[in-house]
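The values are calculated or read from the model by the stated rules, or taken from the named source; none is laboratory data. As the structure is a computational prediction, the values presented were derived from the model and not from experiment. Neighbour counts are summed over all protein chains in view; Cβ atoms, including those assigned to glycine, are modelled from backbone coordinates with ideal geometry. Remember, those area values only see protein heavy atoms, side chains included, never the ligands or the DNA or RNA. Shrake-Rupley method; radii C 1.70, N 1.55, O 1.52, S 1.80 Å.
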Amino acid sequence: MHPMLNIAVRAARNAGKILLRAGEDLSKVEVQQKGTNDLVTNIDKEAEAVIRDTILQSYPTHSIVGEELGEHVGKDADYQWIVDPIDGTTNFIKGIPHYAVSIALKVKGRLDQAVIYDPIRGELFTASRGQGAQLNSKRLRVSKTTVLSGTVLATGFPFKNKHHMDAYTEAFKALFVHTADIRRAGCSALDMAYVAAGRVDGFFEIGLKPWNSAAGELMVKEAGGMVVDFAGGNNYAHSGNIICGAPKLTQAMIREIRPVLTEALLR
């Protein structure tokens, strides 16, 4: 295992212990609203602090961008870690056992290492650039499905971007009529990890942040998949609008939803 991936795994497992311990008594979890339909807990902050400490103990000059604690600017800007301590905070707060720790590393602007850790199931998804993606050390590949018929897709509702709800609904309908079913589980990091593992065939969502999607992006690509924006381009890191899956299936998804999307979602 790459040394930096090894540290990311250690950080994710350390954070996972905090989530599991807190999950045993959710009455003690302190919840705050940091924005519209955007919740944060003291556990998010505690887990992110542990991740940050674990990384900086080994790499004190690296930079870190986290969802809750903001940006730590290190002396070496070539190395930037991107952290979401609980992807699926709403699930965590409600006691729904489906959330994950997401950690990615960019080296000179390119995704290089990724970890998505599901502490409930003990599932550790990892990826290193050029070395493939793994689940608990077993190699992952995206689904071989090339057409929408019979597929199971994953999605996330635009709960922070409800002004896009009409366009999202039209996109959902355009895809749903061709699929076997569509899942909405509330954790985009695991959605993308599941695409990499072939558990779902594809995924689409509006308005993700880099800490939601960076680790999943590398995971999908290293498992042989494609990650694009709604126009089929590479602007997803800026727009947050993501489609991913096996390359031919991803293109099929784009063909179905592009005609029903607004101009704002195609940028």
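Under 9 Å between Cβ atoms, which residue pairs at least 6 apart in sequence (or on different chains) link something in the stretch 193-215 that is without any contact (Cβ under 8 Å) to a residue 12 or more places away in the chain with a partner that is among the aliphatic types (A, V, I, L, M)?
Filtered contacts from the stretch 193-215: Arg199/Val152; Arg199/Ala154; Arg199/Ala193.
With the structure loaded, tell me whether Ala104 is among the small types (Gly, Ala, Ser), closer than 18 Å to His2 by Cα, touching a Gly at 6+ places or on another chain (Cβ under 8 Å) and in a strand (DSSP E or B) or whether it fails that test. It would help to see each step written out before you state the result.
Values: among the small types (Gly, Ala, Ser): yes; closer than 18 Å to His2 by Cα: yes; touching a Gly at 6+ places or on another chain (Cβ under 8 Å): no; in a strand (DSSP E or B): yes.
For Ala104, the condition - among the small types (Gly, Ala, Ser), closer than 18 Å to His2 by Cα, touching a Gly at 6+ places or on another chain (Cβ under 8 Å) and in a strand (DSSP E or B) - is not met.
What do you reckon, is Lys45 free of Cβ contacts under 8 Å to residues at least 40 places away in the same chain and under 21 Å from the mean Cα position of the chain (by Cα)?
In short, no.
Could you count how many residues in the stretch 1-49 are in contact with a helix residue (DSSP H, G or I) (Cβ under 8 Å, 6 or more places away or on another chain) and of a type in the set (Asp, Glu)?
So the count comes out to 4.
So for the stretch 74-87 (the condition being modelled with pLDDT of 95 or more, of a type in the set (Asp, Glu) and within 26 Å of Ser137 (Cα to Cα)), does at least one residue qualify?
Checked against the condition, which is being modelled with pLDDT of 95 or more, of a type in the set (Asp, Glu) and within 26 Å of Ser137 (Cα to Cα), the stretch 74-87 yields at least one hit.
Restricting attention to the stretch 158-191, and to residues there that are in a loop (DSSP other than H, G, I, E, B) and hydrophobic (A, V, I, L, M, F, W, C), which single residue is least open to solvent (accessible area, probe 1.4 Å)?
Of the residues in the stretch 158-191, the ones in a loop (DSSP other than H, G, I, E, B) are 158-161, 177-180, 184-187.
Checking the rest, the ones that are also hydrophobic (A, V, I, L, M, F, W, C) come to 159, 177, 180, 185, 187.
Working: Phe159: 78, Val177: 111, Ala180: 63, Ala185: 40, Cys187: 1 Å².
Of everything passing the filter in the stretch 158-191, Cys187 is least open to solvent (accessible area, probe 1.4 Å).
Residue check: is Asn91 at pLDDT 95 or above, surrounded by fewer than 24 Cβ atoms within 10 Å (Cβ to Cβ) and more than 30 Å from Phe157 (Cβ to Cβ)?
When the stated conditions are applied, Asn91 does not pass them.
Among the residues of the stretch 76-85, is there at least one that is surrounded by fewer than 21 Cβ atoms within 10 Å (Cβ to Cβ) and within 20 Å of the chain's Cα centre (by Cα)?
Yes, the stretch 76-85 contains a residue that is surrounded by fewer than 21 Cβ atoms within 10 Å (Cβ to Cβ) and within 20 Å of the chain's Cα centre (by Cα).
Based on what the data block shows, is Ile243 over 25 Å from Leu124 (Cα atoms) and not hydroxyl-bearing (Ser, Thr, Tyr)?
When the stated conditions are applied, Ile243 does not pass them.
Restricting attention to the stretch 6-26, does a residue exist that is without any contact (Cβ under 8 Å) to a residue 12 or more places away in the chain and either within 19 Å of Glu217 (Cβ to Cβ) or under 20 Å from the mean Cα position of the chain (by Cα) (or both)?
Yes - at least one qualifying residue is present in the stretch 6-26.
Of all residues in the stretch 24-54, how many are closer than 19 Å to Pro119 by Cα and either among the aromatic types (Phe, Trp, Tyr) or open to solvent by less than 30 Å² (accessible area, probe 1.4 Å) (or both)?
9
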